[in-house]
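Undergrad: One structure is given below, represented as structure tokens, and several questions about it will come after.
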Amino acid sequence: MENQVKKLFNEFPPISTQQWEEQIQKDLKGADYEKKLIWRTNEGINVKPYYRAEHLENIQWVKAFPGDFPFVRGNSKTGNEWLVRQDIYVDDIKTANEKALELLMKGIDSLGFELDCKKKYSIDDIESLLKNIRADIAEINFFHTSQQIELVAMMDNLVRKYNRPLEKITGSVDFDPLMRFAKRGVWYNNDEADLNLAYELIKAGKAIPNFKVITVNGHVFANAGASLVQEMAFTLAAGSEYLTRLTDKGLFIGEVAPRIKFNLAVGSNYFMEMAKLRAYRLLWAHIVNAYGLNDALNGRMYIHAENTSWNYTVYDSHVNMLRSTTGTMSAILGSVDSFKVMPYNSPYEKPTEFSERIARNQQLILKEESYFNKVADPAAGSYYIENLTNLMAEEAWKIFLKINEEGGFIKALRSNTIQQTILESASKRDLNIATRREILLGTNQYPNMHEKLSIDLEKNVLNVEDKTNPEAEIETIKTYRGAQAIEVLRYATDVFSRTNQRPKVWMFTYGNLAMRKARATFASNFFACAGFEIIDNYGFKTIEEGIQKVRDEKPEIVVICSSDEEYTDNASLIFKALKDETIVTLAGYPIELVDILKASGMQYFIHVKSNVLETLVSLQKRLGIHE
């Protein structure tokens, strides 16, 4: 039989973009196309409702293979063997070593040792810490230390002592004076001395070429509230600053670029985060190439990532497992080199054996059971993701060029350009959370009404992390979690309720069944964000019955729940009857009636455009929870 190749669905006639657009306009029935179907992201990107093959025509890397310049498709030519990392706090060296060996038996192949920054470690200490650990098999990383140059020398000595193949030694020491300056406002020593130390680190680690000695901690920008493209631009600007300063000191680009490791954070915006990582590699490859590469492989970007802490929550913290899973999948499909899952309870307590196990197994399941490690760049060729990658690269590049025109990363910090840009983005995102345009499940939407914190939270859990040194030369970058503002008010209710009756929010439901149920559900979710006790009702046959029930039960807040039509005759009556006995609010915003109700003294209207944070803080003040 003659072999014939048939296209899938060839029995269907091809449909042009023009035909699609005509059908869309017809279905919109005069509605605004831009408003209805174009997604305007926080990054300033306008995302189309669909993409087609023709949208790939001007994207140059589409035909590139994995492992080839510009490395959009990852650093590996085959598969996607990322490293699964877990960090260990080194309180006691023997205990830390035992834990490391245990983790290696449980599937971990990248270890991060969090050292005590106040302690000086000897080579005997590090040898004991790494006892029975094959540094040529497991990646070894050190952070929270000022002994970077000593640690590189120790690693060199130890791998030689145990006759390990030098080219197989991987890992890193965390040396990032630029980000220290950004967060603390001071250098380790001073600008020139710190960059000289970076130069010395590269020289000291020459014999172990795959051990990274300079880091760019881009996760700082993500956890400070920057948009994805801002994070990319500032991180790349910091990386470029290292390239410029170190090549100016006489190093060749091929000596510098391969020794840099990027530590990034990944959030829950599934496709955007995936595209972000691909765009990162694209731009870094072109930046490095501009310095005159003689080996394209030196343009590879080594990325370690972890879940962003920005969207982690204290309340309903098990939801963090869902956030971390989404972010982990984005990172892996975006082809990171190593990844660490943040334990779900990390915002408010030291991770437990259970939370670390869950975090570890999230990656292992994706690798061993879901086979995410078998395919290189599975997103390749996707009309949507390829276009997102391109759009994000373009927007990040614009910001990068502005930083470059200003003189580079350090000068942009000194002029406050970077800090102000992040602050504006963070303020916008904070407002989105307060008005529920950006949802943090369990915090500003669908809170667990039965959850009450009886433990005392440390102050740093609900406060912005401010590492500013008293002698800071610049305005510093502060990190925080997006949920903190709402968590503060809910925790205040929990603390207040330890010695007082928990405030009750009582649903005054009557009239139209569908509307009263919908508005009572909405109001219940709204007020539960502050940790108030919610009391729903099935509906009262008469207004007088409801008023009498309120007087019997004496709730602190009453929410009128019905339809706009039934508010016309009854809302004012209910308010006038109860305004001197309780705080009366209205679920909804009946335009024709609002001015009348406000004139009679009603202050609170709960609706989809309400600022949840402002409203609840105001009510807490009325109740004596806040001063």
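The values are calculated or read from the model by the stated rules, or taken from the named source; none is laboratory data. These numbers come from a predicted model, not from an experiment. Here the Cβ positions follow ideal geometry from the backbone for every residue, glycine too, while neighbour counts run over all protein chains shown.
Undergrad: Out of the stretch 594-620, which residues are closer than 10 Å to Phe526 by Cβ and part of a strand (DSSP E or B)?
TA: Ile606
Undergrad: Just the residues that are under 18 Å from Leu111 (Cβ atoms) and touching a Ser or Thr at 6+ places or on another chain (Cβ under 8 Å), please, taken from the stretch 317-339. Break it down into steps so the answer makes sense when it comes.
TA: Initially, the stretch 317-339 is screened for residues under 18 Å from Leu111 (Cβ atoms), giving 336-339.
Hits for the stretch 317-339 are Ser338, Phe339.
Undergrad: Where the second residue is assigned to a loop (DSSP other than H, G, I, E, B) and among the hydroxyl-bearing types (Ser, Thr, Tyr) and the first is under 15 Å from Thr170 (Cβ atoms) and modelled with pLDDT of 95 or more and lies in the stretch 195-211, which pairs have Cβ atoms under 7 Å and are six or more apart or on separate chains?
TA: As it stands, the answer is Asn210/Thr170; Phe211/Thr170, since those pairs meet every condition given.
Undergrad: For Asn75, are the conditions met, namely being surrounded by 11 or more Cβ atoms within 10 Å (Cβ to Cβ) and within 34 Å of the chain's Cα centre (by Cα)?
TA: Details: surrounded by 11 or more Cβ atoms within 10 Å (Cβ to Cβ): yes; within 34 Å of the chain's Cα centre (by Cα): yes.
In short, yes.
Undergrad: So, one more: Restricting attention to the stretch 457-487, which residues are part of a helix (DSSP H, G or I) and surrounded by fewer than 17 Cβ atoms within 10 Å (Cβ to Cβ)? Spell out the reasoning first.
TA: Here is the first cut: in the stretch 457-487, the residues part of a helix (DSSP H, G or I) are 459-462, 484-487.
Scanning the stretch 457-487 gives Lys459, Asn460, Val461.
Undergrad: Would you be able to say whether some residue in the stretch 604-627 is over 35 Å from the mean Cα position of the chain (by Cα) and either buried (at least 19 other Cβ atoms within 10 Å of the Cβ) or small (Gly, Ala, Ser) (or both)?
TA: Step one: of the stretch 604-627, the residues over 35 Å from the mean Cα position of the chain (by Cα) are none.
No, the stretch 604-627 has no match at all.
Undergrad: Can you find even one residue in the stretch 493-510 that is within 13 Å of Lys452 (Cα to Cα), among the acidic types (Asp, Glu), outside the structural domain of Pro347 (by TED's automatic domain parsing) and outside any helix (DSSP H, G or I)?
TA: There is no residue in the stretch 493-510 that is within 13 Å of Lys452 (Cα to Cα), among the acidic types (Asp, Glu), outside the structural domain of Pro347 (by TED's automatic domain parsing) and outside any helix (DSSP H, G or I).
Undergrad: Go through (1) over 22 Å from Met232 (Cα atoms); (2) part of a loop (DSSP other than H, G, I, E, B); (3) of a type outside the set (D, E, K, R) for Gly44 and report which single condition fails.
TA: Among (1) over 22 Å from Met232 (Cα atoms); (2) part of a loop (DSSP other than H, G, I, E, B); (3) of a type outside the set (D, E, K, R), the lone unmet condition for Gly44 is (1).
Undergrad: Here is a further query. Quick test for you: out of Ile358, Ile303, Ile332, pick the one residue that is of a type in the set (A, V, I, L, M) and without any contact (Cβ under 8 Å) to a residue 40 or more places away in the chain.
TA: Values: Ile303 fails: without any contact (Cβ under 8 Å) to a residue 40 or more places away in the chain; Ile332 fails: without any contact (Cβ under 8 Å) to a residue 40 or more places away in the chain.
Exactly one residue qualifies, and that residue is Ile358.
Undergrad: I need a count of the residues in the stretch 27-64 that are surrounded by 12 or more Cβ atoms within 10 Å (Cβ to Cβ), free of Cβ contacts under 8 Å to residues at least 60 places away in the same chain and more than 23 Å from Leu228 (Cα to Cα).
TA: Residues flagged as surrounded by 12 or more Cβ atoms within 10 Å (Cβ to Cβ), free of Cβ contacts under 8 Å to residues at least 60 places away in the same chain and more than 23 Å from Leu228 (Cα to Cα) within the stretch 27-64 amount to 3.
Undergrad: If you don't mind, another one. When residues of the stretch 437-456 are filtered for being among the basic types (Lys, Arg) and in contact (Cβ under 8 Å) with a residue 12 or more places away in the chain, how many remain?
TA: Step one: filter the stretch 437-456 for residues among the basic types (Lys, Arg), giving 437, 452.
Going one step further and asking which of them are in contact (Cβ under 8 Å) with a residue 12 or more places away in the chain, we end up with 452.
So the count comes out to 1.
Undergrad: For the stretch 268-305, which residues satisfy the criterion of being surrounded by fewer than 24 Cβ atoms within 10 Å (Cβ to Cβ), farther than 23 Å from Ile59 by Cβ and out of contact with any Pro (no Cβ under 6 Å at 6 or more places or on another chain)?
TA: Within the stretch 268-305, Ser268, Tyr291, Gly292, Asn294, Asp295, Tyr302 qualify.
Undergrad: Now for a separate question. Using the structure shown, decide if Thr235 is within 31 Å of the chain's Cα centre (by Cα), in a helix (DSSP H, G or I) and farther than 28 Å from Asn157 by Cβ.
TA: yes
Undergrad: Sort out which residues of the stretch 426-456 are assigned to a helix (DSSP H, G or I) and surrounded by 13 or more Cβ atoms within 10 Å (Cβ to Cβ), and write them in order of number. Full working, then the answer.
TA: Initially, the stretch 426-456 is screened for residues assigned to a helix (DSSP H, G or I), giving 426-434.
Once the filter is applied, which keeps residues that are assigned to a helix (DSSP H, G or I) and surrounded by 13 or more Cβ atoms within 10 Å (Cβ to Cβ), the stretch 426-456 yields Ala426, Lys428, Arg429, Asp430, Leu431, Asn432, Ile433, Ala434.
Okay, residues lined up against (1) in a loop (DSSP other than H, G, I, E, B); (2) within 30 Å of Trp397 (Cα to Cα); (3) small (Gly, Ala, Ser):
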position: Lys7; (1), (2), (3): yes, no, no
position: Ile15; (1), (2), (3): yes, no, no
position: Gln18; (1), (2), (3): no, no, no
position: Gly30; (1), (2), (3): yes, no, yes
position: Pro49; (1), (2), (3): yes, yes, no
position: Glu54; (1), (2), (3): no, yes, no
position: Asn58; (1), (2), (3): yes, yes, no
position: Trp61; (1), (2), (3): no, yes, no
position: Pro70; (1), (2), (3): yes, yes, no
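Undergrad: Has the stretch 383-399 got any residue that is touching a residue at least 60 places away in the same chain (Cβ under 8 Å), over 18 Å from Gly218 (Cα atoms), touching a strand residue (DSSP E or B) at 6+ places or on another chain (Cβ under 9 Å) and of a type in the set (S, T, N, Q)?
TA: Yes; the residues of the stretch 383-399 include at least one that is touching a residue at least 60 places away in the same chain (Cβ under 8 Å), over 18 Å from Gly218 (Cα atoms), touching a strand residue (DSSP E or B) at 6+ places or on another chain (Cβ under 9 Å) and of a type in the set (S, T, N, Q).
Undergrad: Can you name every residue in the stretch 366-415 that is surrounded by fewer than 16 Cβ atoms within 10 Å (Cβ to Cβ) and among the hydrophobic types (A, V, I, L, M, F, W, C)?
TA: If the condition is that a residue be surrounded by fewer than 16 Cβ atoms within 10 Å (Cβ to Cβ) and among the hydrophobic types (A, V, I, L, M, F, W, C), then Val375, Leu401 are the ones that fit.
Undergrad: Grab the helices (runs of 4 or more DSSP H) fully contained in the stretch 310-409, keeping just those with 2 or more residues being in contact with a Gly (Cβ under 8 Å, 6 or more places away or on another chain).
TA: Working: elements: 319-333, 353-364, 383-405.
The helices (runs of 4 or more DSSP H) meeting that bar are 319-333, 353-364.
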